[in-house]
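If you scroll down you'll find the structure; I have some questions about it.
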């Protein structure tokens, strides 16, 4: 008898999004494709941050990046300012990404060198970013680039181009996690850091790399988001909780070792549609945040059983090779990432 096929981890996030979408249609007494198009227009910015957060969380217990919200706000100001002063959209986006990378490097230094817990290190670096943001916001007069804004609003058959590009990027992340040495090393570190290190994987630097990627993606997201709306000091505030929520609801294990890139999309669409529905029925922002927090806690509670079950399974023996072999391709066994 063949075992029952397991439902992909990302399935539930998309089902939740469909349920909320149905609720919106019922509440408005109409079937509007505009709601779907708007959700697809807003999702890419959250997906970019969420993918970075997913990589960090996948590195194992205790890894989380709480600086992403402040990076988004900072990169929004720097990107818009540089774009207007130079006339180069590419340079503006690169500047925003560079700001994210710089803040992430501070976090990595604190985590790797000073040995500060990740949540404290990223909180501190986020406060540094916030200080720069408040300084830039004082008397800021630059305006978002109209050409880039037009592109961010452009669509094909109702699907925004930015959503298509972000979806393609997500596919590349899936392939990188499945088929590259670095991607499989990350999953191996998240599953069992000690075994990965015995197999020759430099777990510390693999983990550090996830924070750098998270910072860059938050910087790119902030650069684009500030052009799509406008640069403000609190532009990225809501993205701190939301970036964690979409990762958890999307099926990525909070304990690490399983990255579900497709689930980030499902989680992003779910929370964006949920915000629309709650605004429609008159919920306050505080009430929305309470509900989001409760949903994350519920998912973590339900996932706890799966985590304990996984940990109860004996790990296969890890082959430790000679120094000349471990210096090359890692040999720790790693399950491929779920798309």
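Does the range 11-326 classify as rounded, prolate or oblate by the C-alpha gyration tensor (a ≥ b ≥ c root eigenvalues; a/c under 1.5 gives rounded; else a/b over b/c gives prolate, otherwise oblate)? Intermediate results must be reported in sequence, preceding the final value.
Values: a/c = 1.81, a/b = 1.25, b/c = 1.45.
It comes out oblate by the Cα gyration axes.
Still on this structure, I have one more. Classify the range 35-178 as rounded, prolate or oblate from the Cα gyration tensor: take a ≥ b ≥ c as the square roots of its eigenvalues, call it rounded if a/c is under 1.5, otherwise prolate when a/b beats b/c and oblate if not.
Taking the square roots of the gyration eigenvalues as a ≥ b ≥ c, the range 35-178 is oblate.
Cut-off 10 angstrom, C-alpha nodes, Gaussian network model of the chain. Which of 34, 87, 139 fluctuates the most?
Result for the chain, Cα springs under 10 Å: 139 fluctuates most.
Classify the range 99-223 as rounded, prolate or oblate from the Cα gyration tensor: take a ≥ b ≥ c as the square roots of its eigenvalues, call it rounded if a/c is under 1.5, otherwise prolate when a/b beats b/c and oblate if not. Walk me through the intermediate numbers first.
Numbers: a/c = 4.05, a/b = 1.30, b/c = 3.11.
Because a/c hits 1.5 or more and a/b fails to exceed b/c, the range 99-223 counts as oblate.
When the chain is treated as a GNM, springs tying every alpha-carbon pair under 10 Å, which of 130, 67, 284 comes out with the largest mean-square fluctuation?
284
Something else: Sorted from fewest to most neighbouring beta carbons within 10 Å, what does the list 164, 26, 244 look like?
Going from sparsest to densest Cβ surroundings: 26, 164, 244.
For the range 236-306 and the range 139-161, what is the separation of their C-alpha centers, rounded to whole Å?
Their Cα centres are 27 Å away from one another.
I need 161, 265 ordered by Cβ neighbour count within 10 Å, fewest first.
161, 265
Which of 190, 50, 200 moves most in a GNM of the chain, Cα contacts under 10 Å?
Answer for the Gaussian network model of the chain: 200.
Would you work out the relative contact order for the chain, in percent, from Cα pairs under 8 angstrom that are 6 or more residues apart?
33 percent
Which distance in Å, rounded to a whole number, links the C-alpha centroids of the range 198-233 and the range 78-132?
For the range 198-233 versus the range 78-132, the Cα centre distance is 9 Å.
Run the numbers for residue 29 and residue 135: contour at 0.36 nm per residue of separation, minus the present Cα-Cα distance, in nm.
Numbers: separation 106, 0.36 × 106 = 38.16 nm, distance 4.66 nm.
Length gained, residue 29 through residue 135: 33.5 nm.
Each value in this text was obtained by applying a stated rule to the coordinates, not by laboratory testing. Since we're looking at a predicted model, the values are computed, not measured. We place every Cβ from the backbone using ideal geometry, glycine too, and count neighbours over all the protein chains shown.
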